[in-house]
Structure formats: C-alpha cells, structure tokens
C-alpha cells in the first residue's frame, strides 16, 4: 500500500461469485487492494467447500480497500449496482445459493446510509424491473478466502467460467466506467 494508507476506507460487497466482484473492482483507479472472502456467516474460519454448501451463512464477498480522495464510496456503490443483478434473491446467473446473495456489509453509519439511500432511489426510479433485494447489514465478520481464490480472473482468464461469466462484467466496467479505470486497465482494452 501507499504512504497515505491510514486515510483508506474499506467496503465489503457481495454480488455473486467473488471472482467476478474482485475482477471488476481491481480495474478501478483508487482501489488499492481487493481480497476475496466470506462475510456474514456463523462459522468461524469457513472453508470454500463449506461456504459453497450453503451451510455456514456466509456470502462470497470482495473486501475493497480504496482511497476516498480518488474514488468515493458513492462511486464504489455505483459500480456495484451496475455490475450484478441486485433483484435476484440468492442468485447471480447460474450461481445459486445464499452464498451468492447481493449484500452491502457496511463498515460505518455513513456507508449504511448511502447504501440504503441508493437502494431506495434505484427502486423508486424503476432502474430495475423488479425490486432490489440487496441486504444492507453491518459487517460482523470477514474471513479472507483461500489463496487460490485471490486474483483469480487475472491468473485464470482462459478458463471457461472466466471467459464466459467474468470477462463480460470486466468489459462492461471498462466501457461504462472508462473514466474511473486504472491506467493499466485502459492500456489492456
């Protein structure tokens, strides 16, 4: 991390498979670190196999460390809402189960207020055909996922799941949020 890391903030978001969420947020300027992990469950130090069985109560999440002087929590939320379907309960595409739920695990009252505000505004605006089911709850626990889950898309981009599920999300971010991308992301377009 850089010298001003004490001013960094952390967001913890669930939007389906954590590989997708991680890949999307790694693209953004001001995002210093993204760690795939598990949040919101009742089992200490869960393993991937347990979380995938849906028996631990955890959601797959990405914990995003960002510099609010470069990218704000509001902007993080904007990308979050636009890169998954927040209207499907416990599901993103073919990934089904409570571990794939849409969730904002807030770290402060400010994050809670902003997430609730945007959820309400998006529902009122009709931006989505169905109501948003994203849960907005305090972060009660977080466990980093196993090492082989970290930086997954960048390390495994030729795998079918990466090519057919993650790449379209990354491509969308690169198109819709071109003004928010890291220089290395714009160079790879």
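The values are calculated or read from the model by the stated rules, or taken from the named source; none is laboratory data. Everything numeric in this text was worked out from a predicted model, so none of it was measured. When we count neighbours, we look across all protein chains shown, and the Cβ atoms used for this are built from the backbone with ideal geometry, even at glycine.
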Unmet criterion (only one of (1) over 18 Å from residue 148 (Cα atoms); (2) at pLDDT 95 or above) for residue 53: (2)
Condition check for residue 86: surrounded by 15 or more Cβ atoms within 10 Å (Cβ to Cβ), on the phi < 0 side of the Ramachandran plot, part of a loop (DSSP other than H, G, I, E, B) and modelled with pLDDT of 95 or more: yes
Any hit, the range 155-170, residues being under 19 Å from residue 73 (Cβ atoms) and assigned to a helix (DSSP H, G or I): no
Close pairs from the range 147-175: first at negative phi and exposed (fewer than 13 other Cβ atoms within 10 Å of the Cβ), partner modelled with pLDDT under 95 and not in a helix (DSSP H, G or I), Cβ under 9 Å, at least 6 apart: 171/189; 175/189
Unique match (being assigned to a loop (DSSP other than H, G, I, E, B) and surrounded by fewer than 18 Cβ atoms within 10 Å (Cβ to Cβ)) among 128, 117: 128
